[in-house]
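A short worksheet on the structure shown next.
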Amino acid sequence: MGSHVYETMATSNDLLIKQRSVIEFLAAEGCSAANIHARMKTVYGEMCISDCAVRKWVRIFKGENPRETILRDRKCSGRPLSASFTAHREKVDCMIKANRMDGQTKGNCR
């Protein structure tokens, strides 16, 4: 099975979930992170996650019950998905209008 099979994946997120599943399985069998990455590199090729990411996931999966493992990224606080708020939009529109009016009074010098 070559890496060309994985070039037709729907999304990169799907590929990440699949690779995490492989890491979980091989880590449960006792394989080292280096061995897991080498094996994955032969299958996934350029689409393989980094060796650093493999080590991170091996650490996460070690000691966890495989029935309780969550492969998807957990939601976390931080930057909002969208920074478009009505109040901000109105302020920016007001600033643009003020700038245009200011330019008209100065003879539209730019």
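Quick note: the coordinates plus some simple rules give every number you see, no bench work behind them. Source: prediction; values computed, not measured. We place every Cβ from the backbone using ideal geometry, glycine too, and count neighbours over all the protein chains shown.
Fewest Cβ neighbours within 10 Å first, please rank Asp51, Asp14 accordingly.
Listing Asp51, Asp14 from fewest to most nearby Cβ atoms yields Asp14, Asp51.
Going by how many other Cβ atoms sit within 10 Å of their own, how do Met95, Met47 line up, fewest first?
Taking fewest neighbouring Cβ atoms as first place, the list is Met95, Met47.
Any idea how far apart Ala28 and Ser50 come out in nm if each label point goes 7 Å out from Cα toward Cβ?
Placing both labels 7 Å along Cα→Cβ, they lie 2.8 nm apart.
Once both labels are modelled 7 Å past Cα along the beta-carbon direction, what's the Arg100-Ala38 spacing in nm?
For the pair Arg100/Ala38, the computed spacing is 6.6 nm.
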